[in-house]
Amino acid sequence: MIPVKLEDVSKVYPGGAAAVRDVNLTIGAGEFFTLLGPSGCGKTTTLRMIAGFTLPSSGRIWFGDRDVTRVPPNERDTGMVFQNYALFPHMTVFENVAFGLRVRRLPKDEIRRRVEEALAQVHLAGLGSRRVDQLSGGQQQRVALARALVIRPKVLLLDEPLSNLDAKLREETRSEIRRLQRELGITAIYVTHDQAEAMAISDRIAVMEGGRVHQVGTPQEIYHRPATRFVATFIGKSNLLEGVLTRVEGNTGWVRVGEWEVGVHLHRRNPGVEPRPGRRVLLSIRPEGLQPASDQEHANVLVGTVERVEFGGAYTEYTVAAGSLKVMAAIAAADGDLRRVGDPLRLYVPPERIFLVE
Ligand code: ATP
């Protein structure tokens, strides 16, 4: 198990703009770490620099205390899994998995033993003699995983490995990858544009956009304490409300949002947001933070009219208009009482469900 560190890493492709800018990351030994962001944000370029396929324009990459910035890929001790599997279609499963060991000139017996062990790890024992083009997509991705693991890499790199699988198989394979990574205690770096996948599988996530890292944190931190407007919108759904901080009373700040005055807990803010009356602020409230108000609640209550109803099973999502404000509320189905378009709805948001983003 080794940690991976990126120090001020940037990449400018010849004739292009910067694809990755000043990225600093420390990935812990044995951690499952995800680079998450929309298409073109620089996550693949970052992964390829860690793998050694792409040379950084500046900065350094460390595996433990070894500077690998200029070390060729085959000398880095990494295993890589790609979106399109990148297997040899005319070869058998066994030959595909054995490939890296043959290149390393291991004795025949050991190759056989290790390939069988790797196939058992990915639940493909007994399929060694099949041709790869006779396997399903999910099975092919397991072969690719076995091929990456058989060389016992120090770092496992995965570039959108589930993109070509259907939804159900994606979830199965995802928990399979996570189980193996935990069992083997290997450091894993995973690239995806799918925020739900990233939240489900990762110890920590780096959210990227425009070649930069916006935030690094656990899925919970990123969801509940988004560092930027981009993170708040990219991860899950969020009501982003612009307002002005009018008063500060102890630990509570009062924010005017349109005609609504709402109390917030001042410790629930990004460090850069100093709590000074008169300051413009951006509030993030997740849709499940807004719930039907009881008769006892008077502060932090928003009275509006239902504009849209979308039944989603466990939750029903409402768009509620209150004066110039429009908010999304996700109300648990257990609440029972389904509202219709045009119904009045009183919503309450507890101060601890509000986060000051900017
Ligand atoms: P995707 O999910 O679409 O692959 P990504 O987040 O992985 O996107 P990158 O593939 O790292 O993003 O690309 C980042 C930027 O660098 C993009 O603007 C892309 O067009 C550019 N880029 C990537 N590879 C090259 C290359 N070989 N030459 C020139 N520009 C490149």
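A few notes on this one:
- Residue match in the range 172-186 (condition: over 30 Å from Val12 (Cβ atoms), touching a residue at least 40 places away in the same chain (Cβ under 8 Å), in a strand (DSSP E or B) and open to solvent by less than 60 Å² (accessible area, probe 1.4 Å)): no
- Residues being farther than 17 Å from Leu356 by Cβ, open to solvent by less than 30 Å² (accessible area, probe 1.4 Å), assigned to a strand (DSSP E or B) and in contact with a Pro (Cβ under 9 Å, 6 or more places away or on another chain) are entirely absent from the range 276-296.
- The residues of the range 145-191 that are touching a strand residue (DSSP E or B) at 6+ places or on another chain (Cβ under 9 Å), under 12 Å from Phe32 (Cβ atoms) and charged (D, E, K, R), listed by number, are Arg178, Arg182.
- For the range 182-202, the criterion of being over 18 Å from the mean Cα position of the chain (by Cα) and among the aliphatic types (A, V, I, L, M) is met by at least one residue.
- Among (1) within 11 Å of the ligand (Cβ to nearest atom); (2) in a loop (DSSP other than H, G, I, E, B); (3) open to solvent by 20 Å² or more (accessible area, probe 1.4 Å) - the single one Cys41 does not satisfy: (3)
- Restricting attention to the range 304-358, the residues being of a type in the set (A, V, I, L, M, F, W, C), in a loop (DSSP other than H, G, I, E, B) and open to solvent by 40 Å² or more (accessible area, probe 1.4 Å) number 3.
- Residue check: Leu158 meets all listed conditions (1) surrounded by fewer than 16 Cβ atoms within 10 Å (Cβ to Cβ); (2) within 16 Å of the ligand (Cβ to nearest atom); (3) not hydroxyl-bearing (Ser, Thr, Tyr) but one, namely (1).
- Applying the set (1) among the charged types (D, E, K, R); (2) within 16 Å of the ligand (Cβ to nearest atom); (3) exposed (fewer than 14 other Cβ atoms within 10 Å of the Cβ) to Arg48 leaves exactly one unmet item: (3).
The values are calculated or read from the model by the stated rules, or taken from the named source; none is laboratory data. This structure is a prediction, so every number in the text was calculated from the model and none was measured. No Cβ is skipped: glycine too gets one built from the backbone with ideal geometry, and neighbour counts run over all protein chains shown. Only protein heavy atoms, including side chains, enter the accessible area calculation; ligands, DNA and RNA are left aside. Shrake-Rupley method; radii C 1.70, N 1.55, O 1.52, S 1.80 Å.
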